[in-house]
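For reference, the structure discussed in these notes is given below.
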Amino acid sequence: MERRLTAVLAADVVGYSRLMGADEAGTLDALSKLRSEFIDGKIAEHQGRLVKLTGDGLLLEFPSVVNAVRCAAEIQCGMRDRNANVPPEKRIEFRIGVNLGDVIVQDEDIFGDGVNVAARLESIAKPGGITISGSVRELVGNRLDLVFDDMGEQKLKNIEQPVRVYSLSQEESTIANTAPNRDQRPSIAVLPFSNMSGDPEQEYFSDGITEDIITDLSKVSGLWVAARNTVFTYKGKLATVEQIARELGVAYILEGSVRKAGARVRVTGQLTSTKDGGNLWADRFDRDLTDIFAIQDEITHAIVAQLKVKLLPQEAESIGQDPTDNVEAYTYYLRGRDFLHRRSKHYCRIARQMFAKAVALDPNYARAYAGMADCDSFLYLNYRVDVPIDALLATTEKALSLDNTLPEAHASRGHALAAARRYPEANAEFEKAIALDPNLFEAYYGYARASFAEGQLEQAARLFERASQLRRDDYQSVCLLIHIYRSLGRLADCKDAARRGIELAEKELSSHPDDPRPAHLGAGALFELGEMERAREWISRALAIDPDDPLTLYNVACGLTKLRDYDQAFALLERAIAGGGPELVNWAKYDSDLDGLRNDARYPALLARVNELFPDTK
């Protein structure tokens, strides 16, 4: 029996029965969106773990009481902002209790007095309030800018000894100060620029401009800039300046819009102080599309000037270095990156064409070479496309020769080295990419897949978790975590990943109905939750979209294994392996979805076929 000391957070929805009675479907939908859009991010941000959902609440554990209390404070603060314009009878409010205590661990669940006290503390909290035990109050000390009222010793239901209880004083606490930013430099969040082109397909362009402005501002040592993954959680959502300031702890917000029409572009920008809501700067740029880099530079320098930040000579030089002097090449690159993020064979081939056009227009475009290499690595590893490894490595070498400080180039080199099964070298390149850009999704995602291929499941889980935090809309990292968690025995995390994976995959499938990948990965998540009929529907949809895709065949075979349709599962695996690449084989070695086949007499023959096709994967 495992026991440990841990910080436990118990939360409960106020008036849950009333809300369900009034609108059951609407309440469940609102709670699901609240978790995916807000609460899950806060839990991950403060290194918490969801132990279980309890119908009308949730149970969490944290590595420290400071993390637990900070997370609780930010959740309650964010809920007040979200409820500001919601009728009282429809508001979702939480009571939260935090305790430090000894717990018993069993199958990823936790039990014992540490949990019981947290639950009782939650029950005496006010709606929207937080109560904590005396042990938590003592350890938090003055580490957080929060004020607690002493409620004295309380006799809690079914708890033998009285517990000293404190409640958070919301009026006197500066909860915004618990947000991630503790830096003394001027702090800014660049919100996703709105696409005003009237064409959703132009979204890649406005997103690209936003990311490039974030990158340029991040080069200024005198500024603290909210990361891309953080600000993009606000994309398409209504949020006030005050709410964003509270949640991110930033002093300034940059908003803008992009309208691209033919050879012309209009970019607007507005800098707002979150202290008083005043506009510090605003401008509109109506230019030829070829001036897009000059516009980005002007916006960056305007922000630096308004915030009175000293720009060091090397920083000014770095900001002034445009990735390419060819705007058409830049546009192709952004389109290619958008397609590549979908990570299916069809879109990857389109992305490869986009990157190749960018290189043709500008042979010195390092990012585009890195993009080409990423496509080739994906196609080789998953579809055995005839891409010579030497040629693949040469493409990454070209990108690095053009810009050795480009994190995307190091990540691409890591992908290529992993394809060549040179894992120690690949890992070193991924580490370099992360050192250059700690928020680079591609580095974590590629590193995670390479770690899984080596059988390093714990490391793969950590890296996929980080990747899913960096791109909150990425269903793939979350769905792939399901299998890893199950193999590691982390069953509660497995179920939670399945729930999140279904929601994200459904959104992707709605946006791109011609892509089988969200359908077959989402089906795996549905199987995990026991939604067999719905999973069958998703399997049928994936096969209807692309009945010959090896990744589709493989994941459908995993689903059929769960249904104990072993004959059909083996038939599809044979086809998947015949058309798939070495990474699919590596994945099959550690995939717990296939455990039902491993004792079948046909399994050794399947392995022999694998070893015949891929002798290097033995």
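The values are calculated or read from the model by the stated rules, or taken from the named source; none is laboratory data. Treat the numbers as computed from the prediction; the structure is a model and nothing was measured. Using ideal geometry, Cβ is built from the backbone for each residue, glycine included, and neighbour counts are taken over all protein chains shown. Remember, those area values only see protein heavy atoms, side chains included, never the ligands or the DNA or RNA. Shrake-Rupley method; radii C 1.70, N 1.55, O 1.52, S 1.80 Å.
Has the range 131-140 got any residue that is crowded, with 24+ Cβ neighbours inside 10 Å and not in a strand (DSSP E or B)?
Checked against the condition, which is being crowded, with 24+ Cβ neighbours inside 10 Å and not in a strand (DSSP E or B), the range 131-140 yields at least one hit.
Within the bounds of the range 78-86, is there any residue that is modelled with pLDDT under 90, acidic (D, E) and either assigned to a loop (DSSP other than H, G, I, E, B) or open to solvent by 50 Å² or more (accessible area, probe 1.4 Å) (or both)?
Looking through the range 78-86, none of the residues is modelled with pLDDT under 90, acidic (D, E) and either assigned to a loop (DSSP other than H, G, I, E, B) or open to solvent by 50 Å² or more (accessible area, probe 1.4 Å) (or both).
Hey, can you tell me all the residues within the range 307-342 that are closer than 16 Å to S218 by Cα and touching a strand residue (DSSP E or B) at 6+ places or on another chain (Cβ under 9 Å)?
Selection gives L307 alone.
Output yes when any residue across the range 604-618 is farther than 27 Å from V385 by Cα, of a type in the set (D, E, K, R) and assigned to a helix (DSSP H, G or I), and no when none is.
No, the conditions are met nowhere in the range 604-618.
Condition test on L59, is it out of contact with any Asp or Glu (no Cβ under 6 Å at 6 or more places or on another chain), open to solvent by less than 40 Å² (accessible area, probe 1.4 Å) and not in a helix (DSSP H, G or I)?
yes
State whether one or more residues within the range 40-51 are at pLDDT below 90, open to solvent by 40 Å² or more (accessible area, probe 1.4 Å) and assigned to a helix (DSSP H, G or I).
For the range 40-51, residues at pLDDT below 90, open to solvent by 40 Å² or more (accessible area, probe 1.4 Å) and assigned to a helix (DSSP H, G or I): present.
For the range 321-349, give me each residue that is of a type in the set (F, W, Y) and open to solvent by less than 20 Å² (accessible area, probe 1.4 Å).
Y330, Y333, Y347 - these are the residues of the range 321-349 that are of a type in the set (F, W, Y) and open to solvent by less than 20 Å² (accessible area, probe 1.4 Å).
Write out, first by first residue and then by second, each pair whose Cβ atoms fall under 8 Å of each other, whose residues are 6+ apart or on separate chains, and whose first residue, in the range 1-23, is in contact (Cβ under 8 Å) with a residue 60 or more places away in the chain and surrounded by 15 or more Cβ atoms within 10 Å (Cβ to Cβ) while the second is part of a strand (DSSP E or B) and of a type in the set (D, E).
If the second residue must be part of a strand (DSSP E or B) and of a type in the set (D, E), the pairs left are T6/E61; A7/E61; V8/E61; L9/E61.
Quick check on my filter: what residues within the range 350-379 are outside any helix (DSSP H, G or I), open to solvent by 40 Å² or more (accessible area, probe 1.4 Å) and in contact (Cβ under 8 Å) with a residue 12 or more places away in the chain?
N364
Test A409 against the stated conditions and say whether it is modelled with pLDDT of 90 or more and either farther than 24 Å from A44 by Cα or over 19 Å from the mean Cα position of the chain (by Cα) (or both).
yes
Does the range 316-334 hold any residues that are more than 14 Å from R367 (Cα to Cα) and of a type in the set (A, V, I, L, M, F, W, C), and which are they?
Answer for the range 316-334, where residues must be more than 14 Å from R367 (Cα to Cα) and of a type in the set (A, V, I, L, M, F, W, C): A316, I319.
Can you go through L271, L248 and tell me which one is at pLDDT 90 or above and out of contact with any Ser or Thr (no Cβ under 6 Å at 6 or more places or on another chain)?
One residue alone meets the criteria, L271.
Among the numbered criteria (1) out of contact with any Gly (no Cβ under 8 Å at 6 or more places or on another chain); (2) part of a helix (DSSP H, G or I); (3) charged (D, E, K, R); (4) more than 22 Å from E201 (Cβ to Cβ), which single criterion is violated by D325?
Of everything listed in (1) out of contact with any Gly (no Cβ under 8 Å at 6 or more places or on another chain); (2) part of a helix (DSSP H, G or I); (3) charged (D, E, K, R); (4) more than 22 Å from E201 (Cβ to Cβ), D325 misses just condition (2).
L491 is checked against (1) modelled with pLDDT of 90 or more; (2) in contact with an Asp or Glu (Cβ under 6 Å, 6 or more places away or on another chain) and fails just one. What number does that condition carry?
(1)
So which residues in the range 262-317 are in a loop (DSSP other than H, G, I, E, B) and either open to solvent by 80 Å² or more (accessible area, probe 1.4 Å) or under 29 Å from S197 (Cβ atoms) (or both), if there are any at all?
G262, A263, T274, K275, D276, G277, K308, K310
Within the range 487-501, track down each residue that is open to solvent by 10 Å² or more (accessible area, probe 1.4 Å) and either assigned to a helix (DSSP H, G or I) or touching a Cys at 6+ places or on another chain (Cβ under 6 Å) (or both).
S487, L488, L491, A492, D493, K495, D496, R499, R500
Each row is one residue, and each column tells you yes or no for (1) acidic (D, E); (2) open to solvent by 30 Å² or more (accessible area, probe 1.4 Å).
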| site | (1), (2) |
| --- | --- |
| D216 | yes, no |
| V220 | no, no |
| A226 | no, no |
| N229 | no, no |
| K237 | no, yes |
| E247 | yes, no |
| L254 | no, no |
| R259 | no, yes |
